[in-house]
1. Can you work out which of the residues in the range 663-680 that are within 16 Å of the ligand (Cβ to nearest atom) and more than 23 Å from Lys570 (Cβ to Cβ) is surrounded by the fewest Cβ atoms within 10 Å (Cβ to Cβ)?
2. In the set Leu316, Leu374, Leu363, Leu331, which member is in contact with a Lys or Arg (Cβ under 9 Å, 6 or more places away or on another chain) and within 16 Å of the ligand (Cβ to nearest atom)?
3. Give the residues of the range 410-458 that are in contact with a helix residue (DSSP H, G or I) (Cβ under 9 Å, 6 or more places away or on another chain), within 14 Å of the ligand (Cβ to nearest atom) and not in a loop (DSSP other than H, G, I, E, B), sorted by residue number.
4. Examine the range 23-33 for a residue that is within 29 Å of the chain's Cα centre (by Cα) and not basic (Lys, Arg), and state whether such a residue exists.
5. Answer yes or no as to whether Leu35 is touching a Ser or Thr at 6+ places or on another chain (Cβ under 8 Å) and either outside the structural domain of Asn420 (by TED's automatic domain parsing) or aromatic (Phe, Trp, Tyr) (or both).
6. Where the second residue is of a type in the set (Ser, Thr, Tyr) and assigned to a strand (DSSP E or B) and the first is closer than 19 Å to Glu549 by Cβ and lies in the range 515-536, which pairs have Cβ atoms under 8 Å and are six or more apart or on separate chains?
7. Among residues belonging to the range 86-113 that are buried (at least 21 other Cβ atoms within 10 Å of the Cβ) and in contact with a Phe, Trp or Tyr (Cβ under 8 Å, 6 or more places away or on another chain), point out the one that is nearest to Leu170 (Cα to Cα).
8. Are there any pairs with C-beta distances below 7 angstrom linking a residue in the range 713-724 that is part of a loop (DSSP other than H, G, I, E, B) to a residue that is crowded, with 16+ Cβ neighbours inside 10 Å and of a type in the set (Asp, Glu), with the two at least 6 apart or on different chains, and if so which?
Amino acid sequence: MNIATLRTVSSDNLRDAILSHLAYSFGKTPEAAHLEDWRMALSYAVRDRMVEAWFDATRRTYDAGAKRVYYLSMEFLIGRLLEDGIVNLRLVDQARAALTELGLDYHTVLENEPDAALGNGGLGRLAACFLESLSTLGVPAMGYGIRYEHGLFRQSFADGRQMEAPETWLLQRHAWEFERPETRYTIGFGGEVRDEAGRMVWTPDEQVCAEAFDTPIAGWKGRWVNTLRLWSAQSVRPFDLDSFNRGDFEGAAQPEALARTISRVLYPDDTTEQGKKLRLKQEFFFTAAALRDILRRFDSEYNDVALLPSKVAIQLNDTHPAIAGPELVRLLHDERGLPFEEAQKIAQGCLNYTNHTLLPEALESWNEGIFGQLLPRHIQIVDRIDDAHAKANPSRGFSMRANHQVRMGELSFVMANRVNGVSALHTGLMKETVFKELHRLHPERIVNETNGVTPRRWLLSCNPRLSGLVSETIGSGWIDDLESLSDLEPHVDDAGWRDLFAAAKRSNKSELAAWMSDTHGLRVDPAAMFDVQIKRMHEYKRQHLNILEAIAHWQEIKDAPNAEWTPRVKIFAGKAAPGYVFAKDIIRLINDVSSVLNADAETCDKLQVIFLPNYNVTLAERLIPAADLSEQISTAGKEASGTGNMKFAMNGAPTIGTLDGANVEIRERVGAENFFLFGMTAEEVVARREVEGHAAKAIEADPRLARALEAIRSGMFSPDEPDRYRHIVENLSGHDYFLVSSDFTDYWRAQREVDRAYADAASWTRMAALNTARSGWFSSDRTIRGYMADIWDAKGLI
Ligand code: 6GP
């Protein structure tokens, strides 16, 4: 069937296409259809319109013999996909009209879609933005990951405490996947390695099957569509009939259940290490399946593996897929008979590694016992790579095998053609700290690619009011040329235009306020400043610095309730890893403070604190367009980049922040006068830690800080259990590794500057608009172009 006949299958008229899917794909009449049926029918109608470009992209890639990019990631935090599809295919007006004709509300239908939370935070969301930009730029690319049955847990609060429930996105119907039962690979674990006349043969003693599920990812204007291929683990032997016939029903189902465990849950960790055997299995499972798939596709086009590095670029998203190095060497050497050195050289020519954090606890390493037991051949290969590296670099001062551990960062570095950091500051620190020795040996290997975010999702679709104004003002070229937002600059001095900008923000805030009232029963005044901190909960991100400032501010307001105060609503959202007790205690503290402050009739019109549950991509899309102030307050040197910081700036929310990660570059671009800087630099942080009693000194020097800490210590926010937060106070007055106390005074100063600036509405709007106008560089299109030029040597085909 050619493409022309295909077209007729799905009507050009979206309304007819929806009705047709409702009847023929879901067997429902409009009268019998539930909201979910309509959402599915619309999704299928939209998906149909991607298929043609999808086939076309594949054909063009083959025809051009183009180099392909493979993005291997444990996480793809894709969120909802329907609106993304509608927006990128430019079907918004049609879809609205069709639904209206059918008596349905556009937003209600869109909101029925589950939010696919197949990631924890920054690294996973970055992967999702990258996929969209790769398609927008027409780069032949594919994402590979795991099709988790349960994504990141669902968060709720009970007495202010975080409760975790399993996330169940697959219980609702999901429109985007194409199951590929024909694309299956058997992946082995364990067993033994035998030397058969010089050839190493690995015979695993456990096997699972990886089955592919494909999701099309359309770029802007639907010109190019790539694939996200997620692997689902299944048993090679689905059902044990012998056991069943013996009456052992549980035993009969066991092989299936065991195998499926591998793709059952996403580890709910952000930047902390998970030393679990299952995690290593997950890593090998999806990486090995991806490599087999990549080689199969390569073999269908070329018959010389020496061409691999010129046709294939593989990006390792952090060290989670680091086993790709040894596995690719194994496939080329053990299975295809290439000499070891050649196999290694080819593998290295294809592989690249992105580091996303310098936190020592997040640098993966595996106990050699576990590693060797699960991957007996790979540990031999790691040792051989390590030895070869040692011989070639006799002066080296490191090994990828130390203290009975296999160190994945070092392995990734040695096996990579290029290694990159995710902001200028972070890349510099990588060179000076974790990879100092390796950088000395391979000075050309580390490059910087500052993160970016896709403007299609993070401005065009999440903020229709502002993006509408932008397009009316400068045309719609910015959507795939974000730097042209700078054309807005002349308008920021036009009072009339500024009013329009301010009106868009104000309407976004009213909409958020209405939503918070409807769904959470919260009352907030949209005229107050919306001060937002949303991200994973972590001590280095310092949500506790923010809440301490709120307490001190509240105390100050109580001292003089009739003074002029700039009304504020502090909004928090974020999940803590279930095992990270301190982070969970910070959540509870914020909730407890919120209960006291919001109930204080004397102050609640001046300061409110809100913690919204279950932060996810969808909630971010609601909050960011309505934010006035972006909190990016990590201890300098700890946040590798941040991407939320870019989304806020783009949506016209100035930052209060430290010189950390990409904040540095945001400030350079939006201008120091449009950014509220505070705190120590990364260098000063290191020096301050050496100062004996730094926290106690900071507290002694700042009575506001002392008073806020005392309020917590005395149980003011936990009267039923006064000692509840004693350990937090002790931490902040003692060891205080993240320097909350030492940075407090300057943070307070910057916050009061924010208050004064916000009180001048015209100049605040100007500042907000300049943040939008100057955020063009933070498009993930720019980042992907950087990877194409500096890392992959790949080209776009559109
Ligand atoms: C995050 C970093 O913490 C964040 O700063 C960065 O913007 C993001 O990656 C994307 O580069 N790191 C992770 O999410 C993580 O799990 C192992 O690192």
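The values are calculated or read from the model by the stated rules, or taken from the named source; none is laboratory data. Bear in mind that the values here come from a model prediction, so they are computed numbers and not experimental data. Every residue, glycine among them, receives a Cβ derived from its backbone with ideal geometry; neighbour counts consider all protein chains shown.
1. Of everything passing the filter in the range 663-680, Glu665 is surrounded by the fewest Cβ atoms within 10 Å (Cβ to Cβ).
2. Working: Leu316 fails: in contact with a Lys or Arg (Cβ under 9 Å, 6 or more places away or on another chain); Leu374 fails: within 16 Å of the ligand (Cβ to nearest atom); Leu331 fails: within 16 Å of the ligand (Cβ to nearest atom).
Sole residue among the options that is in contact with a Lys or Arg (Cβ under 9 Å, 6 or more places away or on another chain) and within 16 Å of the ligand (Cβ to nearest atom): Leu363.
3. Ser412, Val419, Asn420, Gly421, Ala424, Leu425, Leu429, Met430, Asn448, Val453, Trp458
4. Within the range 23-33, the first condition is being within 29 Å of the chain's Cα centre (by Cα), and the residues that meet it are none.
No, there is no match, as no residue in the range 23-33 is within 29 Å of the chain's Cα centre (by Cα) and not basic (Lys, Arg).
5. On the way: touching a Ser or Thr at 6+ places or on another chain (Cβ under 8 Å): yes; either outside the structural domain of Asn420 (by TED's automatic domain parsing) or aromatic (Phe, Trp, Tyr) (or both): yes.
Yes; evaluated as a whole, the condition is true for this residue.
6. Once the first residue is closer than 19 Å to Glu549 by Cβ and sits in the range 515-536, its partners that are of a type in the set (Ser, Thr, Tyr) and assigned to a strand (DSSP E or B) give Val532/Ser630.
7. Within the range 86-113, the match that is nearest to Leu170 (Cα to Cα) is Val109.
8. Phe717/Asp592; Ser718/Asp592
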